[in-house]
Amino acid sequence: MHELSIALSVVERAEEAAREHGAASVESVRLRIGELAGVVADALRFSFELVAEGTLLAGAGLVIDEVPARARCTACDAEFPVGSPPRLSCPRCEGWATELLTGRELELMDVTLPEGGSCPGPGTARHAAREGECCA
(Lines give C-alpha, C1' and ligand atoms only; values in the text may rest on other atoms or scores of the structure.)
Protein backbone atom coordinates (compact mmCIF):
# COMPACT_ATOMS: atom_id res chain seq x y z
CA MET A 1 0.00 0.00 0.00
CA HIS A 2 1.99 3.00 -1.26
CA GLU A 3 -0.56 5.39 0.27
CA LEU A 4 1.22 4.84 3.60
CA SER A 5 4.54 6.06 2.21
CA ILE A 6 2.79 9.03 0.56
CA ALA A 7 1.13 9.92 3.88
CA LEU A 8 4.49 9.70 5.66
CA SER A 9 6.07 12.07 3.13
CA VAL A 10 3.17 14.51 3.42
CA VAL A 11 3.41 14.56 7.23
CA GLU A 12 7.19 15.07 7.10
CA ARG A 13 6.91 17.97 4.64
CA ALA A 14 4.07 19.61 6.56
CA GLU A 15 6.02 19.32 9.81
CA GLU A 16 8.99 21.02 8.13
CA ALA A 17 6.75 23.90 7.06
CA ALA A 18 5.23 24.21 10.55
CA ARG A 19 8.65 24.27 12.20
CA GLU A 20 9.92 26.90 9.74
CA HIS A 21 7.06 29.12 10.91
CA GLY A 22 7.37 28.25 14.60
CA ALA A 23 3.94 26.60 14.67
CA ALA A 24 3.18 24.01 17.33
CA SER A 25 0.54 22.29 15.20
CA VAL A 26 -0.99 22.03 11.75
CA GLU A 27 -4.71 22.54 11.08
CA SER A 28 -4.91 21.01 7.61
CA VAL A 29 -3.00 19.88 4.56
CA ARG A 30 -4.29 20.18 1.01
CA LEU A 31 -3.23 17.83 -1.77
CA ARG A 32 -4.01 17.69 -5.50
CA ILE A 33 -4.31 14.13 -6.73
CA GLY A 34 -4.89 13.21 -10.34
CA GLU A 35 -7.40 10.58 -11.39
CA LEU A 36 -4.61 8.48 -12.93
CA ALA A 37 -2.05 8.93 -10.11
CA GLY A 38 -2.84 5.49 -8.76
CA VAL A 39 -3.74 6.79 -5.31
CA VAL A 40 -6.80 5.54 -3.46
CA ALA A 41 -8.09 8.61 -1.60
CA ASP A 42 -9.74 6.65 1.24
CA ALA A 43 -6.58 4.60 1.81
CA LEU A 44 -4.55 7.82 1.86
CA ARG A 45 -6.91 9.42 4.40
CA PHE A 46 -6.67 6.34 6.64
CA SER A 47 -2.87 6.25 6.32
CA PHE A 48 -2.63 9.99 6.99
CA GLU A 49 -4.52 9.64 10.27
CA LEU A 50 -2.22 6.80 11.37
CA VAL A 51 1.02 8.56 10.43
CA ALA A 52 -0.07 11.95 11.82
CA GLU A 53 -0.72 10.52 15.30
CA GLY A 54 1.87 11.84 17.76
CA THR A 55 3.15 14.52 15.35
CA LEU A 56 2.40 18.21 14.81
CA LEU A 57 -0.34 17.00 12.45
CA ALA A 58 -2.30 14.98 15.02
CA GLY A 59 -5.95 15.85 14.40
CA ALA A 60 -5.17 17.84 11.22
CA GLY A 61 -7.54 17.64 8.31
CA LEU A 62 -6.53 16.22 4.97
CA VAL A 63 -8.18 17.98 2.03
CA ILE A 64 -7.88 16.22 -1.32
CA ASP A 65 -8.61 18.08 -4.54
CA GLU A 66 -9.21 15.42 -7.18
CA VAL A 67 -8.02 16.33 -10.68
CA PRO A 68 -9.84 14.67 -13.58
CA ALA A 69 -7.72 13.19 -16.35
CA ARG A 70 -7.82 15.17 -19.61
CA ALA A 71 -5.94 14.70 -22.87
CA ARG A 72 -5.43 16.61 -26.13
CA CYS A 73 -5.28 15.13 -29.60
CA THR A 74 -2.17 16.34 -31.37
CA ALA A 75 -3.79 15.76 -34.79
CA CYS A 76 -7.03 17.76 -34.39
CA ASP A 77 -6.32 19.67 -31.13
CA ALA A 78 -9.48 18.36 -29.41
CA GLU A 79 -9.39 18.18 -25.62
CA PHE A 80 -11.32 15.39 -23.93
CA PRO A 81 -11.78 13.58 -20.62
CA VAL A 82 -9.77 10.39 -20.39
CA GLY A 83 -11.92 8.61 -17.84
CA SER A 84 -11.15 5.48 -15.91
CA PRO A 85 -10.21 3.06 -17.25
CA PRO A 86 -8.35 5.51 -19.47
CA ARG A 87 -9.33 5.99 -23.11
CA LEU A 88 -6.56 7.79 -24.94
CA SER A 89 -7.89 7.74 -28.49
CA CYS A 90 -9.46 10.97 -29.69
CA PRO A 91 -13.28 10.89 -29.65
CA ARG A 92 -13.39 13.44 -32.51
CA CYS A 93 -10.97 11.99 -35.09
CA GLU A 94 -10.23 8.57 -33.51
CA GLY A 95 -6.51 9.38 -33.66
CA TRP A 96 -4.04 7.88 -31.19
CA ALA A 97 -1.56 10.76 -31.18
CA THR A 98 -2.62 12.27 -27.88
CA GLU A 99 -0.92 13.90 -24.94
CA LEU A 100 -2.07 13.69 -21.34
CA LEU A 101 -2.75 17.18 -19.94
CA THR A 102 -3.92 16.41 -16.41
CA GLY A 103 -4.60 13.45 -14.21
CA ARG A 104 -1.22 12.30 -12.90
CA GLU A 105 -0.77 15.04 -10.28
CA LEU A 106 0.32 14.28 -6.73
CA GLU A 107 1.11 17.65 -5.19
CA LEU A 108 1.23 19.10 -1.71
CA MET A 109 -0.56 22.40 -2.31
CA ASP A 110 -0.56 24.02 1.10
CA VAL A 111 -0.30 23.57 4.84
CA THR A 112 -2.68 25.56 7.04
CA LEU A 113 -1.23 26.59 10.37
CA PRO A 114 -3.11 27.90 13.43
CA GLU A 115 -4.27 31.53 13.40
CA GLY A 116 -4.87 31.51 9.64
CA GLY A 117 -1.23 31.05 8.65
CA SER A 118 -0.77 29.18 5.42
CA CYS A 119 2.34 27.88 3.77
CA PRO A 120 2.54 26.32 0.34
CA GLY A 121 4.19 22.95 0.80
CA PRO A 122 7.99 22.91 0.68
CA GLY A 123 9.23 21.93 -2.75
CA THR A 124 6.07 23.04 -4.57
CA ALA A 125 5.94 25.64 -7.31
CA ARG A 126 3.71 27.83 -5.10
CA HIS A 127 6.29 27.58 -2.30
CA ALA A 128 9.09 28.66 -4.63
CA ALA A 129 6.95 31.52 -5.93
CA ARG A 130 6.36 32.77 -2.38
CA GLU A 131 10.01 32.45 -1.28
CA GLY A 132 10.82 35.53 0.77
CA GLU A 133 7.25 36.10 1.94
CA CYS A 134 6.91 32.64 3.47
CA CYS A 135 9.14 29.75 4.47
CA ALA A 136 12.27 31.82 3.85
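What the table shows:
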{"quantity": "Cα→Cβ-extended label distance, 7 Å offset, between residue 9 and residue 58, nm", "calculated": "2.6 nm"}
{"quantity": "Size of charge dipole - segment 1-118 - debye, nearest 20, with Cβ of Lys, Arg +1 and Asp, Glu -1, no other charges", "calculated": "400 debye"}
{"quantity": "Derived scalar couplings ³J(HN,Hα) [segment 3-10; Karplus, 6.51 cos²θ - 1.76 cosθ + 1.60; whole Hz; x for Gly, Pro]", "calculated": "4, 5, 5, 5, 4, 4, 5, 4"}
{"quantity": "Relative contact order [Cα under 8 Å, 6+ residues apart], segment 1-83, whole percent", "calculated": "33 percent"}
{"quantity": "Placed amide H near residue 93: partners under 5 Å, 5+ positions off or other chain", "calculated": "none"}
{"quantity": "Diffusion constant of segment 1-96 at 25 °C, which comes from Stokes-Einstein with the Kirkwood Cα-pair radius and 0.890 mPa s, µm²/s", "calculated": "160 µm²/s"}
{"quantity": "Segment 79-85 - phi-based ³J(HN,Hα) in whole Hz, Karplus 6.51/-1.76/1.60, Gly and Pro as x", "calculated": "9, 8, x, 7, x, 9, x"}
{"quantity": "Interchain or long-range residues, amide H under 5 Å from residue 102's placed H", "calculated": "70"}
{"quantity": "Percent RCO, i.e. relative contact order, over segment 34-121, from Cα pairs under 8 Å lying at least 6 residues apart", "calculated": "28 percent"}
{"quantity": "1.4 Å probe accessible area per residue over segment 1-67, in Å²", "calculated": "52 Å²"}
{"quantity": "Translational diffusion of segment 55-98, µm² s⁻¹ [Kirkwood Rh, Cα pairs; Stokes-Einstein; 10 °C; 1.306 mPa s]", "calculated": "126 µm²/s"}
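The values are calculated or read from the model by the stated rules, or taken from the named source; none is laboratory data. In this text, all values refer to a predicted model and were calculated from it rather than measured experimentally. A quick note on method: Cβ atoms are made from the backbone with ideal geometry, for glycine too, and the neighbour counts reach across all protein chains shown. In case anyone asks, the SASA skips ligands and DNA or RNA and just uses the protein heavy atoms, side chains included. Shrake-Rupley method; radii C 1.70, N 1.55, O 1.52, S 1.80 Å.
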